[in-house]
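Data block below; observations after.
A short reminder: the numbers here are calculations on the coordinates, not readings from a lab. None of these values were measured; they are calculated from a predicted model. Neighbour counts are summed over all protein chains in view; Cβ atoms, including those assigned to glycine, are modelled from backbone coordinates with ideal geometry.
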Amino acid sequence: MLTKNRVLEIFQETGVLLEGHFLLTSGRHSNAYLQCARVFQHPQYAEELCGALAEAFKTANVDLCIGPALGGVVIAYETARALGKRGLFAERDKEGTMALRRGFVIQPGERVLVLEDVVTTGGSVKEVLELVGSMGGNVVGVGTIVDRSGGSADFGVPYSSLIRLDVVSYHAADCPLCKEGIPAVKPGSRK
């Protein structure tokens with residue numbers, strides 16, 4: 001079993017936790033950002049972390065794993081590899097809607113595990129859940145590396161994260177860093 005201390009050790013070794021003033025994908029602001037992509041430049045850590053997620057869902061009879069681009073791509077692939085299943089990713093189309101492209105297909109009734117690197121509001125995961133449902137897939141769970149939702153993430157299916165970190169985030173209008181005039185940076189993949 002992967003411990004919280006081991007996850008934190010991996011984060012420290014790979015420089016995942018950044019400090020500053022960040023605009024999160026959710027639109028919220030924070031003084032900390034988790035750049036999980038830094039972990040996934042090291043295959044041995046991807047294998048260790050995603051192996052733990054696969055272990056958490058080993059009895060879910062998963063047919064395929066899927067994650068939203070960009071944060072969920074490697075996680076979905078590596079967790080699928082650990083489970084011996086297919087790994088897909090969803091990405092935004094021209095209208096900004098989450099879609100399956102590149103010939104990916106989910107067959108009606110397939111049992112799907114949705115994966116993401118970090119959940120704050122869960123918006124991207126919810127979009128993937130809707131996409132899977134619209135194709136007739138049966139979501140059997142959601143797995144993340146980090147839950148920074150403060151325990152509020154609820155996807156209506158079993159949910160497992162490797163670590164829960166209570167990192168403060170603010171609505172833009174309430175952000176003390178904005179009030180101090182500190183410029184916000186957007187380190188994520190979404191514009």
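Divide by every residue of the chain the summed helix terms, -39500 (n - 2.57) for each DSSP H run of at least 4, and state the resulting mean residue ellipticity at 222 nm, rounded to the nearest 500 deg cm²/dmol. Before the final figure, lay out each step's value.
Numbers: 5 runs with 52 residues, N = 191.
Roughly -8000 deg cm²/dmol at 222 nm, from the helical runs in the chain.
Within the chain, what's the longest run with no GluC sites (Glu not before Pro) in a DSSP loop and at most 11 other beta-carbon atoms within 10 Å? Give the range, please.
1-94
Taking H placed 1.01 Å from N in the peptide plane, check which residues at least 5 places from Ala99 or on another chain put their amide H under 5 Å from its amide H.
Glu91, Arg92, Asp93
Taking the Cβ of Arg6 as the centre, find all other residues whose Cβ is under 12 Å away and add up their charges (Lys, Arg: +1; Asp, Glu: -1). Don't jump to the answer; show the numbers that get you there.
On the way: positive: Lys4; negative: Glu9, Glu13, Glu48.
Cβ neighbours under 12 Å give a net charge of -2.
So how do Val139, Val105 line up by other beta-carbon neighbours within 10 Å, fewest first? Display every interim value, and only then the final one.
Numbers: Val139 21, Val105 10.
Fewest to most other Cβ atoms nearby, the residues stand as Val105, Val139.
Taking every alpha carbon pair in the chain, what does the distance histogram look like in 10 angstrom bins from 0, in percent?
Calculated P(r), rounded to whole percents: 9, 38, 36, 15, 3, 0.
Provide the per-residue ³J(HN,Hα) series for the range 29-44, in order, calculated from phi with Karplus coefficients 6.51, -1.76, 1.60 and θ = phi - 60°, each as a whole number of Hz, with x at glycine and proline positions.
So the Karplus estimates, Gly and Pro as x, are 10, 8, 8, 9, 9, 9, 8, 4, 4, 5, 5, 7, 7, 10, x, 5 Hz.
Determine the sum of side-chain charges near Glu91: Lys and Arg each +1, Asp and Glu each -1, restricted to other residues whose C-beta is under 10 angstrom from that of Glu91. The partial results should precede the final answer.
Working: positive: Arg92, Arg101, Arg102; negative: Asp93.
Local charge sum for Glu91: +2.
Would you mind counting up the charge near Cys50? Only other residues with Cβ under 10 Å from its Cβ, with Lys and Arg at +1 and Asp and Glu at -1. Walk me through the intermediate numbers first.
Values: positive: Arg81; negative: Glu47, Glu48, Glu55, Glu78.
Residues near Cys50 contribute -3 overall.
Take every DSSP beta bridge whose two residues both sit in the chain, then give the antiparallel share in percent to the nearest 5. All intermediate terms of the calculation are to be shown ahead of the outcome.
Values: 9 of 31 bridges.
The antiparallel proportion sits near 30 percent.
So how many Lys-Lys pairs in the chain land under 30 Å Cα to Cα, not counting same-chain pairs under 8 apart?
Lysine pairs, 8 or more places apart or on different chains, close enough: 14.
What ranking of Leu64, Leu70, Leu115 emerges when the number of other C-beta atoms within 10 Å of each C-beta is taken as an exposure proxy, fewest first?
Values: Leu64 21, Leu70 15, Leu115 32.
Neighbour counts put them in this order, fewest first: Leu70, Leu64, Leu115.
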